[in-house]
Amino acid sequence: MHTINTHTRSLKAVLFDVDGTLADTEQDGHRPAFNAAFKEFGLTWDWDIPLYGKLLKITGGKERIRFYIEHYMPEELDRPNLDEWIASLHKTKTSHFKQLMERGDIPLRPGVKRLIYELRDKGIKIAIATTTTPENVTYLLESALGKQALGLFDVIGAGDIVPQKKPAPDIYLWVLDKLGLEPSECIAVEDSENGLLAARAASLATLITINNYTCEQNFDGAAAILSDLGDPEQHFKQISNGSINFDKNWVDTQILEKIVKESS
């Protein structure tokens, strides 16, 4: 009988980004939610798709609002209690985002659900490493995977639990510490240049699955760049495989182990 020698397995955990990686939340979720919050606050601001693509270079919703004010609406800098006002505006945006999630308007990207359950079955830890709020993570996962979704993940690192957001490596270092694992035992799955910079600064091998907002970004240093994780019936498109030779067109545990091994 064929047995698997688990002592030779180098992959111990997969660390997922959320927005743009697990689901295409930016165009269909966060952007409309920001615009709905602006309208509710009586603002004439409108973040269209090209503008939002530029604003996505700023990680964190509250940080994105402040950046927009500084560069596009500087007269708002004189608003009393600006930080509190931004926080309130962002909280309202999060409420609108939740409504979109509850309607099931934002499904997971190809291969995500399959891979998560495959990793659980094989005893490989799964973690979240994101700059989005814990509430947004909960809304997305529970709407897509059911009420038990949070229990699928061993560690969830989200929001303001670290001082600096991506491209700083803080969130990845925090998650690695909670997992009690070395970077060489893990792989990050990201969709953006900032995410890649954060993961690589934490010494993590990184798989990129691009989306419409990030497809033109610089992914030097990624182990591989794909259209998505793919499924047996819905193959990914290979943008760049680095030094990795794929023997199938969907990402599974075997491919992730190969990336970690060849990246170490």
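Computed from the coordinates by the stated procedures, all read-outs in this text should not be read as laboratory data. All of these numbers come straight from a predicted model, not from anything done at the bench. Because the Cβ atoms are built from the backbone with ideal geometry, glycine has one as well, and the counts that use them run over all protein chains shown.
Which links in Lys165/Lys261; Lys54/Lys165; Lys147/Lys248; Lys57/Lys125 stretch past 23 Å when you go from one Cα to the other?
Lys165/Lys261; Lys147/Lys248; Lys57/Lys125
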- Note on the structure: Reviewing [x] 11.9; [y] 14.7; [z] 12.8, the figure for mean projected area of the Cα convex hull in nm² actually calculated from this model sits under [y]
- How far is the Cα center of the stretch 14-68 from the Cα center of the stretch 191-242, in Å? 20
- Query: Rounded to the nearest 20 Debye, what is the dipole magnitude of the stretch 27-102 about its Cα centre when Lys and Arg each give +1 and Asp and Glu each give -1 at the C-beta?
  - Reply: 240
- Task: Per residue of the stretch 69-77, in order, report the coupling 6.51 cos²θ - 1.76 cosθ + 1.60 (Karplus, θ = phi - 60°) as ³J(HN,Hα) in whole Hz, putting x for Gly and Pro.
- Result: 4, 4, 9, 10, 9, x, 5, 6, 5
- Diffing the stretch 96-111: the Karplus 3J(HN,Hα) column from phi (6.51, -1.76, 1.60, θ = phi - 60°), in whole Hz with x for Gly and Pro, holds 5, 4, 4, 4, 5, 4, 5, 7, x, 6, 10, x, 5, 6, x, x
